[in-house]
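The values are calculated or read from the model by the stated rules, or taken from the named source; none is laboratory data. Only a predicted model underlies this, so the values are computations on that prediction, with no experimental measurement involved. Quick reminder, even Gly has a Cβ in these numbers, built from the backbone with ideal geometry, and neighbours come from all protein chains shown.
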Amino acid sequence: MNQETNNPGTPASPEAKIHKRRPRYSGRNPRHFHEKYKELQAEKHPDIAAKILAGGKTLAGTHRPICVPEILEILHPKPGDIALDATLGFGGHAAEILRAIQPGGKLLGMDVDPIELPKTEARLRSLLQDPQALVVRRSNFAGAARFINEEGFQGMDVILADLGLSSMQIDNPERGFTFKFDGPLDLRMNPQKGEPASAYLQKVGPETLASILVENSDEPYADAIATAIVEARERNPIHNTKRLSAIIHDCLKSMKRNDADVQSSQRRVFQALRIEVNDEFGALETFLRNLPSCLKAGGRAAILTFHSGEDRRVKKSFQNGQREGIYQEIADDIIRPSAEEVRSNPRASSAKLRWAIKASDSL
Ligand SMILES: C[S@@+](CC[C@H](N)C(=O)[O-])C[C@H]1O[C@@H](n2cnc3c(N)ncnc32)[C@H](O)[C@@H]1O
């Protein structure tokens, strides 16, 4: 008989019983995402979770919803309402809306991210007594009108879109969204679709790249950075986030820029590439164009944006809609998170909120 085979009924081999300890991170606090296993199981480590939140940080694997009281005041969801959350993320806003529309209400939820969405759906379902109260679809919000129609609705009472990335996406180095950690240069919210930023950078021409850096992120050193990227990729394809950030660093340092300028350009280049590989402006424009047909007469929409390219588009669309009589009322000005919110969650600092109410005599 093979010596290594365990017979049923006999004890497992001594080797199989040895419990392997997880390697301890060096230093006092974990620095890398994969070392943050206590944060990732916050319910088992409430003291650690409380300390991290008190320090103005977001727990790894979670997202803190922004401007919640302001959004609830604007959207005013009430029992029986039909609502769309076009960007479910971690489901923080969705949970609040779901609570407000029960009993009798229904929330349609969308997100493009196939990695986070199943976890978010499970989390939201665990809050529900009525399973029919939530319908989740992995889809781009450019397809919101079709989703609403296919669920048998003419329009929504309430629509929320909270644009950009969730903290789970930013913090996971495997997703390649940030220059702060090394990881594959991917930057896709749906890694099953389209091409990663590394493939895009391999083929884009220097003029196109420079114009994208300007259009998507107002990058002041766009020409120099685009040239540096194209020269570097000719020597070796750019597969990793750290390599791209090093190319931008070296380019700006050769122009005698300081560390703060370097970091700002690194952030803007990553943002510009992310907008491009996810066609974020295309999706937002389609969503805004279809928004009136997604709302009931008198229905309310709120959109949270995180940079000027997004806010400009929302502002223009709402203003045009009001001029044409589609919206009866729109936000006069942007609403910002309170100073207290920004202090406790610095990721809220760039958020801008706008809202619109569809005219009650509009079809
Ligand atoms: C800022 S997070 C939303 C956070 C959410 N409000 C919460 O409370 O947890 C943005 C989410 O929108 C998703 N997203 C971005 N663009 C999208 C699009 N065009 N269609 C659908 N989802 C999108 C991202 O995948 C991400 O999960």
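Here are a few things to note about the model shown:
- Hits in segment 209-252 - residues which are in a helix (DSSP H, G or I) and of a type in the set (D, E, K, R): Glu215, Asp223, Glu231, Arg233, Glu234, Arg235, Lys242, Arg243, Asp250
- Some residue of segment 164-175 being touching a strand residue (DSSP E or B) at 6+ places or on another chain (Cβ under 6 Å) and either more than 10 Å from the ligand (Cβ to nearest atom) or in a loop (DSSP other than H, G, I, E, B) (or both): no
- Filtering segment 125-136 to residues that are within 15 Å of the ligand (Cβ to nearest atom) and either crowded, with 18+ Cβ neighbours inside 10 Å or among the polar types (S, T, N, Q) (or both) leaves Leu134, Val136.
- Output for segment 115-135, where each listed residue is part of a loop (DSSP other than H, G, I, E, B) and within 17 Å of the chain's Cα centre (by Cα): Ile115, Glu116
- Members of segment 58-107 found to be surrounded by fewer than 21 Cβ atoms within 10 Å (Cβ to Cβ), in a loop (DSSP other than H, G, I, E, B) and more than 20 Å from the chain's Cα centre (by Cα), listed by number: His76, Lys78, Pro79, Gly80, Gln102, Pro103, Gly104
- Of everything in segment 139-156 that is surrounded by fewer than 16 Cβ atoms within 10 Å (Cβ to Cβ) and without any contact (Cβ under 8 Å) to a residue 40 or more places away in the chain, the residue that is farthest from the chain's Cα centre (by Cα) is Gly152.
- Residue match in segment 82-98 (condition: away from the ligand (no atom under 12 Å from the Cβ), at pLDDT 95 or above and closer than 25 Å to Phe153 by Cα): yes
- Ala228 satisfies every condition listed in (1) over 16 Å from Leu185 (Cβ atoms); (2) of a type in the set (A, V, I, L, M, F, W, C); (3) touching a Cys at 6+ places or on another chain (Cβ under 6 Å) except (1).
- Residue in segment 186-196 that is in a helix (DSSP H, G or I), modelled with pLDDT of 95 or more and over 30 Å from Asp361 (Cβ atoms) present: no
- A single member of Arg235, Arg188 is more than 21 Å from the chain's Cα centre (by Cα) and either among the basic types (Lys, Arg) or not assigned by TED's automatic domain parsing to the domain that holds Leu288 (or both), and it is Arg235.
- Residue that is surrounded by the most Cβ atoms within 10 Å (Cβ to Cβ) [pool: residues in segment 345-359 that are of a type in the set (A, V, I, L, M) and closer than 13 Å to Leu295 by Cα]: Ala356
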